[in-house]
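J.: What follows is a single structure, and I will ask about it in a moment.
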Amino acid sequence: MRFGVITFPGSNGDHDALKAIELGLKQPVEAIWYRETNLDGFDCILIPGGFSYGDYLRAGAIARFAPVMESVAEFAKKGGPILGMCNGFQVLTEAGMLPGALLPNGSLQFRSQWVHVQVERSDTPWTAGIDDGTVLKLPIAHGGGRYFADPKTLARLEENGQVIFRYTDASGNRAPDANPNDSLNDIAGICNEQRNIVGLMPHPERAFDTIIGGDDGIKVLSSVLEAGIAAVAGR
């Protein structure tokens, strides 16, 4: 599979994503500049972390207007798998491709630490290789990761099984001190109704090898390979 990594002015997780795919998955990968308007030839798209456009106005609020995002939306409409990580998640919510919003952390402090998240659903391209209930250890690095949605939207997400990752302790138990940003319902990541777009605040691309602190992130990134193989087999 050929991966594309969107790069905005201010991105700082794009190189992490490129290396995770190149070294961790050993798959072809290419950086996609924010002015690009053609995504032909790519099988899946990653929107990385960082501070796109300096996080002016709100995190992701300006990046949503970048030329490439129109092509990303078209890619999504065709069922293409998209993964937004940290700032990428923020961009996807600002663009209306995922519901809800990411607000400043409840502590109003930047959080850079390892956390645990439980995989709630395995029926997305980015969790297809992970059993429901699996607890992953992943790093976070954000000041605005508090997931918020109005009560009606939140209820619909839960009913539709669109909550994909949830903050827990190492044993998979939900607890206030396991939620680093006071996200509603301990939400760490969600998907769209079509389930091909996933956004999460933790950084799987920064956890693809034990030499950098952990390799649970490769389970997320490699799932799209299994999902792709299954899709081909099912044709």
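J.: What number goes with the only condition from (1) crowded, with 21+ Cβ neighbours inside 10 Å; (2) assigned to a helix (DSSP H, G or I); (3) at positive phi; (4) not aliphatic (A, V, I, L, M) that Gly60 does not pass?
T.: Every listed condition holds for Gly60 apart from (2).
J.: From the list Arg166, Arg146, which one is surrounded by 19 or more Cβ atoms within 10 Å (Cβ to Cβ), within 13 Å of Ile190 (Cβ to Cβ), in contact with an Asp or Glu (Cβ under 6 Å, 6 or more places away or on another chain) and not acidic (Asp, Glu)? If you could, list the steps in order and put the result at the bottom.
T.: Details: Arg146 fails: within 13 Å of Ile190 (Cβ to Cβ).
Residue meeting the stated conditions: Arg166.
J.: Here's a follow-up. Kindly list the number of the only condition in (1) outside any strand (DSSP E or B); (2) within 16 Å of the chain's Cα centre (by Cα); (3) not aliphatic (A, V, I, L, M) that fails for Gly79.
T.: Exception for Gly79: condition (2).
J.: May I ask you to list the residues in the range 97-123 that are touching a Lys or Arg at 6+ places or on another chain (Cβ under 8 Å), free of Cβ contacts under 8 Å to residues at least 60 places away in the same chain and of a type outside the set (A, V, I, L, M)?
T.: Within the range 97-123, Pro104, Gln118, Glu120 qualify.
J.: Now for a different question. Hey, does the range 19-27 have a residue that's in a loop (DSSP other than H, G, I, E, B), polar (S, T, N, Q) and either surrounded by 17 or more Cβ atoms within 10 Å (Cβ to Cβ) or modelled with pLDDT of 95 or more (or both)? Before the answer, list the steps.
T.: As a first pass, look at the range 19-27 and keep what is in a loop (DSSP other than H, G, I, E, B): 26-27.
Next, from what is left, pick out any that are polar (S, T, N, Q): 27.
After this cut, where a residue has to be either surrounded by 17 or more Cβ atoms within 10 Å (Cβ to Cβ) or modelled with pLDDT of 95 or more (or both) as well, the list is 27.
For the range 19-27, residues in a loop (DSSP other than H, G, I, E, B), polar (S, T, N, Q) and either surrounded by 17 or more Cβ atoms within 10 Å (Cβ to Cβ) or modelled with pLDDT of 95 or more (or both): present.
J.: Another question, then. Since Ile140 meets every condition but one in (1) surrounded by fewer than 20 Cβ atoms within 10 Å (Cβ to Cβ); (2) hydrophobic (A, V, I, L, M, F, W, C); (3) closer than 23 Å to Ala61 by Cα, which condition does it not meet?
T.: Result: Ile140 fails condition (1) only.
J.: If Val72 satisfies all but one of (1) touching a helix residue (DSSP H, G or I) at 6+ places or on another chain (Cβ under 7 Å); (2) at pLDDT 95 or above; (3) buried (at least 21 other Cβ atoms within 10 Å of the Cβ), what's the number of the condition it fails?
T.: (1)
J.: Given the conditions (1) without any contact (Cβ under 8 Å) to a residue 12 or more places away in the chain; (2) closer than 17 Å to Val220 by Cα, report the number of the one that Ala188 does not fulfil.
T.: Only one criterion is unmet by Ala188, namely (1).
J.: Same structure again: Can you tell me which of (1) of a type in the set (D, E, K, R); (2) modelled with pLDDT of 95 or more; (3) over 13 Å from the mean Cα position of the chain (by Cα); (4) assigned to a helix (DSSP H, G or I) is the one Glu226 doesn't meet?
T.: (2) is the only condition that Glu226 fails.
J.: Could you list, in sequence order, the residues of the range 34-46 that are free of Cβ contacts under 8 Å to residues at least 60 places away in the same chain and either assigned to a helix (DSSP H, G or I) or crowded, with 23+ Cβ neighbours inside 10 Å (or both)?
T.: The one that is free of Cβ contacts under 8 Å to residues at least 60 places away in the same chain and either assigned to a helix (DSSP H, G or I) or crowded, with 23+ Cβ neighbours inside 10 Å (or both): Ile45.
J.: Taking the condition over 18 Å from Arg206 (Cβ atoms), of a type outside the set (Phe, Trp, Tyr) and touching a strand residue (DSSP E or B) at 6+ places or on another chain (Cβ under 7 Å), does Gly129 pass? Break it down stepwise before answering.
T.: Working: over 18 Å from Arg206 (Cβ atoms): yes; of a type outside the set (Phe, Trp, Tyr): yes; touching a strand residue (DSSP E or B) at 6+ places or on another chain (Cβ under 7 Å): no.
Here the answer is no, as Gly129 does not meet what is asked.
The values are calculated or read from the model by the stated rules, or taken from the named source; none is laboratory data. Keep in mind it's a predicted model, so treat the numbers as computed, not measured. We place every Cβ from the backbone using ideal geometry, glycine too, and count neighbours over all the protein chains shown.
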